[in-house]
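Below you'll find the structure, written out as structure tokens, and then a few comments.
Please treat every number below as a calculation from the coordinates, not as lab data. Since this is a predicted model, take the numbers as computed values, not measurements. All Cβ positions, even for glycine, are placed from backbone atoms using ideal geometry, and neighbour counts span all protein chains on display.
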Amino acid sequence: MARFRFLLLLAAALGCVVASPVDGQERLGNTPSLAPGKDWDWTDCGTESHIVHIKDIQVSPDPPQRGEDLTVTVEGIANAAVEQDGAYADVTVKVGVIKVLQKEFDVCEEALKANATIQCPVKEGTHKVVQTVTLPKEIPPAQFKVNIRGYTADDDDMVCLDLMMDFRPKHSSFFSCRVIAHAWPRINTPTYATLAGNSTTETAAAFAFVASPKTMPALRYLLVLDFEATCDDTNRIVPRGEMEIIEFPTILYDLQHDKVEAVFHEYVRPTLHPTLTKFCTDLTGIEQKTVAAANPFPRVWERYKEFLHSHKIAEDPSSASFLTCGDWDLKTMLPLQLQLAGITDAFVQTGSLVPPFDRWINVKKSFQRLYSLRYPKGMDGMLRHMGMELEGRHHSGIDDCKNILRLVRRMQQDGWKPEDDLPS
């Protein structure tokens, strides 16, 4: 099933770790050991509450070899159907106690990119997936621990998987660890950027946090944003690559004075699929007559840029940061919409969005860290955790923005500082 796409993410994760700058004097700490004679192992750490359980994982060649193709065969069972949109996975890679990668993936999107044999949605029952990936030659001789935690769109437990892979030479594991500690700082950014499949800037930023966390200047504004887009429950009427923004809301929140400075809120007329599906209207509450009377995206985009200019954010992008409930809005949806609309001046040469759209705070991760939660929660889950009621309608973009801002204000009361969670 598409959730077993996590094994492909493992290979990408191993590709990323070659970049992590590590102090040569830092001890790697105590890493759980593999059983004697084993080069890799896995554990299904799920409980009865998890929808998906892994029954078997086989790899070929066994053990995995750096620089060679790795074929992974995964068998598992889904105790319930897994729906199309919103499922995600948090992947963490560690060497000893050093965290070298932590990233959230949209699982269905990753399966689509990889042309996996099984796509979302997934029916209840037993499934088997075979996937071949190439392991980078540059993987250091070390033991890696990978934790994969998957959740549904409603933040219910979906899958829990722990993996370990040991690429150390068997004759001298101590020497290998010393080599890693001294060799990693000399690996250059372009090399691991290519391995990770990210731009140099994105990858460098990710690992700069591990090596040397920096104190960010105080923000003046948060731009609380939550898009709604065309959709259907089968992914056939509206393919994921043809989704269009239909609601564009932003609350400009003045952090210094704890007040809402301004609100931008417009509906958008879709052009690829101008008729909303019943599923979309039921989900978002947005009616056909509303989008039919709205401006197309290029006009709304121009008005949004004017909104940013009017508050001096376009002139000083560092004064503000977007805040979203997940990474989908600015990582996936906005770039897709800009490409569909033929708007090219919103991208820099590397393919990233121009400031201030190139950085955002994922409130789900901030909330998880602030309250020391085992797993991140969606908006509903965060509100429930704080004993707060949902106000308005869930999946109404503007109502979601208001509820997210309520959470932000509560988090600030509990000591959260947005600057601490800004991307480096």
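In nm, give the distance between the simple-model label positions of K123 and D162, each being 7 Å from the Cα along the Cα-to-Cβ direction.
Once both label points are built, they end up 3.5 nm from each other.
What is the calculated FRET efficiency for T271 to T132, with r their C-beta to C-beta distance and R₀ = 45 Å, to the nearest 0.05?
E(calc), rounded to 0.05, equals 0.70.
Distance in nm between label sites at F279 and L34, each 7 Å beyond Cα in the beta-carbon direction?
4.1
In segment 329-424, what is the volume of the convex hull around the alpha carbon atoms, normalised per residue and reported in Å³?
121
Given K103/K123; K55/K145; K38/K103; K289/K377, which pairs have Cα atoms separated by over 24 Å?
K103/K123; K38/K103; K289/K377
Straight-line reach from K259: which lysines have a Cα under 19 Å away, not including same-chain ones fewer than 8 places off?
Cross-link targets: K312, K402, K417.
What FRET efficiency would be calculated for the residue pair Y371, E315, taking the C-beta separation as r and a Förster radius of 35 Å, to the nearest 0.05?
About 0.45, to the nearest 0.05.
Could you order peptides 320-333, 236-249, 127-140 by the average number of other Cβ atoms within 10 Å of their residues, highest first?
320-333, 236-249, 127-140
Based on C-alpha coordinates, I'd like the Rg and Dmax of segment 221-421, in Å.
Cα-based Rg and Dmax for segment 221-421 come out at 16.7, 47 Å.
What full-extension length gain, to one decimal in nm, is calculated for R384 and K305 as 0.36 nm per residue of separation minus the Cα-Cα distance?
Taking R384 through K305 to full extension adds about 25.0 nm, to one decimal.
Given the Cα atoms of segment 267-314, and with Rh set as the inverse mean 1/r over their pairs in the Kirkwood sense, what is Rg to Rh to two decimals?
Rounded to two decimals, Rg over Rh is 1.12.
Give the peptides 336-342, 378-384, 155-161 in descending order of average Cβ contacts within 10 Å, highest first.
My ranking of the peptides, most packed first, is 155-161, 378-384, 336-342.
What distance in nm lies between label points placed 7 Å from Cα along the C-beta direction at S60 and F347?
About 3.8 nm, to one decimal.
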